[in-house]
Amino acid sequence: MATLSTDDVIVFNGGTSSDLQNAINLAMKNGRALYLTPAPTSPTVPTIYTVANLEIRPQAANSNKKALRLYAVPGTVTLKLAQSASHILKIEALPNWR
């Protein structure tokens, strides 16, 4: 699930691949950064999000064409490819993207 923090950052704090895709789309649409949080129950062990077929699509971008800024604290989050997936993240061609 993603929430909007007071810092104009979209915060993803767990959920399905669909939830993460929705968070990516929301961040791009609003020109905001997307922060992946680790699980609060085990801050010393990386949180593993098993994901499948996430996409960054031009139509999800906002009118200002801001890049997606996706981040987490180093060593706290791992994206793992779901067994049935063909990819973790696909970035479609972005014509005239600057």
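The values are calculated or read from the model by the stated rules, or taken from the named source; none is laboratory data. Values in this document were obtained by computation on a predicted structure and should not be read as measured data. Backbone-built Cβ (ideal geometry, glycine too); neighbour counts: all protein chains shown. Protein only, heavy atoms only, side chains kept; ligands, DNA and RNA dropped before computing areas. Shrake-Rupley method; radii C 1.70, N 1.55, O 1.52, S 1.80 Å.
Numbers below:
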quantity: Filter result for the condition that a residue is open to solvent by 40 Å² or more (accessible area, probe 1.4 Å), out of contact with any His (no Cβ under 7 Å at 6 or more places or on another chain), modelled with pLDDT under 90 and within 13 Å of G14 (Cα to Cα), over T41, T78; calculated: T41
quantity: Of residues in the range 52-63 being at pLDDT 90 or above and of a type outside the set (A, V, I, L, M), the one surrounded by the fewest Cβ atoms within 10 Å (Cβ to Cβ); calculated: E55
quantity: Test result for Y49, open to solvent by 30 Å² or more (accessible area, probe 1.4 Å), of a type outside the set (D, E), closer than 17 Å to Y35 by Cα and at pLDDT 90 or above; calculated: no
